[in-house]
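Read through the structure below, which is laid out as structure tokens, and then see the notes.
The values are calculated or read from the model by the stated rules, or taken from the named source; none is laboratory data. Just so you know, these numbers come straight off a predicted model, no measurement behind them. FYI the Cβ positions are ideal-geometry reconstructions off the backbone, even for glycines, and counts take in every protein chain you see.
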Amino acid sequence: MRDVFGNPFRSVTFSPSWRISTAVALAAQMYESRDFSAMPILADALQDAGCDSADVLDHCRNDGPHVRGCWVIDLVLGKE
């Protein structure tokens, strides 16, 4: 449930400037293929884009499980 909804007790602000082409391409590929093994790479791309949100980066780097509808993937793709 946390993969889809995140932490209900802590809201995350996602900056549009973090939606760089690499991050969007990775998120789109994972969304379509339902293969979330590139989540740590997405964390690196977001960090390179200036993301400093521990919630976002830690979520991407945890072991999951990650599923379609993952809140980070949806934020990167603008599916808020």
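Scanning segment 55-70 for residues that are part of a helix (DSSP H, G or I) and buried (at least 18 other Cβ atoms within 10 Å of the Cβ) yields 56, 57, 59, 60. Could you list, in sequence order, the residues of segment 59-78 that are β-branched (Val, Ile, Thr) and over 8 Å from the mean Cα position of the chain (by Cα)? Selection gives 67 alone. Could you tell me whether any residue of segment 13-23 is surrounded by fewer than 15 Cβ atoms within 10 Å (Cβ to Cβ), part of a loop (DSSP other than H, G, I, E, B) and at pLDDT below 90? Checked against the condition, which is being surrounded by fewer than 15 Cβ atoms within 10 Å (Cβ to Cβ), part of a loop (DSSP other than H, G, I, E, B) and at pLDDT below 90, segment 13-23 yields at least one hit.
For segment 31-54, indicate whether the set of residues that are under 15 Å from residue 14 (Cα atoms), out of contact with any helix residue (DSSP H, G or I) (no Cβ under 9 Å at 6 or more places or on another chain) and in a helix (DSSP H, G or I) is non-empty. So far as segment 31-54 goes, yes, one or more of its residues are under 15 Å from residue 14 (Cα atoms), out of contact with any helix residue (DSSP H, G or I) (no Cβ under 9 Å at 6 or more places or on another chain) and in a helix (DSSP H, G or I). Within segment 37-49, residues that are in contact (Cβ under 8 Å) with a residue 24 or more places away in the chain have Cβ atoms under 6 Å from residues that are assigned to a loop (DSSP other than H, G, I, E, B) in these pairs: 39/66; 49/20, counting only partners at least 6 apart in sequence or on another chain. Checked against (1) under 20 Å from residue 65 (Cα atoms); (2) modelled with pLDDT under 75; (3) among the polar types (S, T, N, Q), residue 37 passes all but a single condition, namely (2). Can you name the residue in segment 30-43 that is surrounded by fewer than 17 Cβ atoms within 10 Å (Cβ to Cβ) and touching a Cys at 6+ places or on another chain (Cβ under 9 Å) and is also nearest to residue 17 (Cα to Cα) among such residues? Out of the qualifying residues, it is 41.
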